[in-house]
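What follows draws every value from the coordinates through simple rules; no lab data is involved. For clarity, every value in this text was computed on a predicted model and none was experimentally measured. Here the Cβ positions follow ideal geometry from the backbone for every residue, glycine too, while neighbour counts run over all protein chains shown.
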Amino acid sequence: MKKILDLITDEVTKAFTECGYDAKYAKVTLSNRPDLCEYQCNGAMAAAKEYKKAPFMIADEVVEKLAANPIFAMAESVKPGFLNLKIDEAYLADYVAKMQEDEGRFGCEKTEAPKTIMIDYGGPNVAKPLHVGHLRSAIIGESVKRIGKFMGHNVIGDVHLGDWGLQMGLIITELKLRRPELVYFDDAHTGEYPEEAPFTISELEEIYPTASKKSKEDEAYKEAAMQATFELQHGKRGYQALLKHILNVSVTDLKRNYANLNVSFELWKGESDAQPYIPDMVQKMKDDGFAYISDGALVVDVKEDTDTKEIPPCMILKSDGASLYNTTDLATMVWRMKDYNPDEIIYVVDKRQELYFTQVFRCARKTGIVKPETELKFLGFGTMNGKDGRPFKTRDGGVMRLEHLISGINEEMLAKIQENQKTKENLGISTEEAENTAKMVALAAIKYGDLSNQASKDYIFDIDRFTSFEGNTGPYILYTIVRIKSILNKYHGLGKDDSGAVIESAHSKSEKDLMLELSKFNAVMESAFEETAPHKICSYIYDLANAFNSFYHGTKIMSEENETVQKSYIRLLELTKSVLETCIDVLGFSAPERM
Ligand code: ARG
């Protein structure tokens, strides 16, 4: 369906051109004075210069044309030359009814030119526990992916595991110290290695921090870890077999953690998968004359004439020939282009890595790893801070583990829900249902709290605010959906049926406002996609929930005596529920039946 603003703009354009003015002046926007009008056009002000006329004269002429147009309930010119517009109620009701007929899409058309988009998000490091820093990448990336899919694109999420480098050597070193008898450390072994991993996930999670701590205190230990890393990277069989085990055990655990967050990935590739592409890539950079030796290291210049600040060269190999994070990211682009030929790659990474990605992107373009038509996008997110405005920490100052953060909020939510039940007539909610509901609401609290901010901004993770059932929060949105569900259940519970009913012209101002909000859905989805901006969907559903709640408080829905009117209300409620549910689904959470 055409966007409602475009439909209105079409009419205003006709009026402008009929009066002899250029169509470019007919741009209509949502009103910034909702008390006066619903839409506005400021074009007469701009046209005044070109046509050397007073703006209000132009506005008056245009208004005269619009006054006769049935799609407007009001077209007014206001000094010095603004156009204030209100949409016709019947026209709006018809638009909203058409949205409802368009099941699942609600007037938002899929793209005619689907793109292949890869999203690099999550970025967990194998064997290291997930911490809150990884939370934002997972939440934002998942939503960006779902928005793209909703718009009809072929979107592929890749978790890009941190599974290469010193942390692997550290784990191997510690394991060797503890269990030297393991076959993986027997250099004479030529046969197969066991299929079963020699450790559990909890051991693995304990081994890494222990090893990391030791390496900071003990030089010889660190040496050994570096040596193990080198041997692993150069193909030592026993270590390669261990790496496989470490990966398997970690990935199983990660999948479980991400599933709890309603996050999933199409690809479980990691930094290690890029390694086979490095030698040829480096050779080609040298052959093509892009890479040169500087202070012993192999680098590619990436600065550009228009730079206002210094962009250092992109380092490809260290002086000892070892590869780096850069090298891996570039080689990852090699297989991404070869296997998927994406139109776009989006990186959802901490914004502190922005300069790094500028270097990598430039290097990839310059050396031809990524074709010019492929867009590379860095979606850098800000830091999630605690209430004190400083990076989120545990009470004793340690790094907060994601699991602990989430279980803490789950508990808080459970207490809240149980408390809530006491104030209502006994809904008979079982402990099991209460626990599941608590998890759903907690997830909404966390995700909405994150996504409602523009991704690039830092934000304060304020548990009390995020878990509140009032205000601009996830639980408030869920509460609104649950409220609608409960009215619909009551209505149908009475044996009533609204099938085939039409949505009538609004019977009140608050009902019209609700319809106006609903009608924005396709435009919001489109711009959230184009601007990679899930926060636009959050602010939309907050407005929509508010519009619904005002309508609900001002309208006797269940006691409405006129059945046709009641049916029309119920249809509108169903649409509101569906639109809200579609929106929270692309944000990556869902609503319970009751709460
Ligand atoms: N593993 C990295 C970290 O924990 C994030 C990876 C981001 N993605 C990338 N392609 N470099 O910081």
Could you go through the range 466-478 in sequence order and give the Karplus-derived ³J(HN,Hα) for each residue, using 6.51 cos²θ - 1.76 cosθ + 1.60 with θ = phi - 60°, rounded to whole Hz, and x for Gly and Pro?
-> 4, 8, 6, 7, 10, x, 7, 9, x, x, 5, 5, 4
Could you tell me what percent of the DSSP beta bridges with both partners in the chain are antiparallel, to the nearest 5?
-> 50 percent
Rg over Rh, two decimals, the chain (C-alpha only, Kirkwood Rh) | 1.05
Give me the angle, in degrees from 0 to 90, between the Cα long axis of helix 563-587 and the longest principal axis of the Cα atoms of the chain, rounded to the nearest 10.
-> 20 degrees
When only C-alpha pairs under 8 Å and at least 6 residues apart count, what is the relative contact order of the range 406-557, in percent?
-> 21 percent
Is the shape of the range 426-571 rounded, prolate or oblate, going by the alpha carbon gyration tensor and its root eigenvalues a ≥ b ≥ c, with a/c under 1.5 for rounded and a/b larger than b/c for prolate?
-> oblate
Relative contact order as a percentage, the range 4-87, C-alpha pairs under 8 Å and 6+ apart, gives 27 percent
If Lys and Arg each add +1 and Asp and Glu each add -1, what is the summed charge of the other residues whose beta carbon sits under 10 Å from the beta carbon of Ser77?
-> -3
So what's the gap between the Cα centers of the range 53-71 and the range 260-308, to the nearest angstrom?
-> 59 Å
Could you please report the charge total around Thr200, scoring K, R as +1 and D, E as -1 over all other residues with beta-carbon less than 14 angstrom from its beta-carbon?
-> -2
So what is the relative contact order for the chain, in percent, with contacts set as C-alpha pairs under 8 Å and at least six apart?
-> 15 percent
Within a Cβ distance under 14 Å of Lys244, other residues only, what is the Lys/Arg minus Asp/Glu net charge?
-> -3
Projected onto the charge dipole of the chain (+1 at Lys/Arg Cβ, -1 at Asp/Glu Cβ, origin at the Cα centre), which of Asn32, Met168, Pro194 gives the Cα projection farthest towards the positive end?
-> Asn32
Could you give the dipole magnitude of the chain about its Cα centre, charging the beta-carbon of Lys and Arg +1 and that of Asp and Glu -1, in debye to the nearest 20?
-> 740 debye
Value at 222 nm in deg cm²/dmol, rounded to 500, when DSSP H runs of n ≥ 4 in the chain each add -39,500 (n - 2.57) | -17000 deg cm²/dmol
Between Asp497 and Met74, what length in nm is gained on full extension when 0.36 nm per residue of separation is reduced by their alpha carbon distance?
-> 148.7 nm
Report, ordered by chain and residue number, the lysines lying within cross-link reach of Lys244, taken as a straight Cα distance under 20 Å and ignoring same-chain residues fewer than 8 apart.
-> Lys128, Lys176, Lys236, Lys255, Lys269
At q = 0.11, 0.13, 0.14, 0.16 Å⁻¹, what is the base-10 log of I(q)/I(0) for the range 4-87 according to the Debye formula with one equal point scatterer per Cα and no solvent? Please give it to two decimals.
-> -0.22, -0.32, -0.37, -0.49
Of Cys314, Leu85, Gly500, which is farthest along the charge dipole of the chain in the positive direction, counting Lys and Arg as +1 and Asp and Glu as -1 at C-beta?
-> Leu85
Based on the Cβ-Cβ distance from His234 to Trp335, what FRET efficiency comes out when R0 is 22 Å, to the nearest 0.05?
-> 0.60
Given the Cα-Cα distance of Asn549 and Ala67 and 0.36 nm per residue of separation, how much length would full extension add, in nm?
-> 170.3 nm
What nm distance separates the two modelled labels at Lys371 and Ala46, each placed 7 Å from Cα along Cα→Cβ?
-> 3.6 nm
Förster-model FRET efficiency, 56 Å R0, Asp295 and Thr17, C-beta, rounded to 0.05 | 0.30
Can you spot the lysines whose alpha carbon is less than 19 Å from Lys286's alpha carbon? Ignore those fewer than 8 places along the same chain.
-> Lys303, Lys318, Lys366, Lys371
Enter the Cα centre distance for the pair the range 520-595 and the range 180-240, rounded to the nearest angstrom.
-> 54 Å
Where labels lie 7 Å past Cα in the beta-carbon direction, separation of Glu354 and Ser319 in nm = 3.2 nm
Which lysines have a Cα less than 16 Å from the Cα of Lys2, not counting those fewer than 8 places away in the same chain?
-> Lys27, Lys98, Lys110, Lys520
Rg and Dmax [Cα atoms of the range 24-180; Å; Rg one decimal, Dmax integer] | 28.0, 91
Which percent of the Cα-Cα distances in the range 108-191 go past 20 Å?
-> 56 percent
Label model pair Ile557, Thr29: point-to-point distance (7 angstrom along the Cα→beta-carbon line) in nm is 3.3 nm
Here the FRET efficiency for Lys2 versus Lys387, based on Cβ atoms and R0 = 51 Å and rounded to 0.05, is 0.65
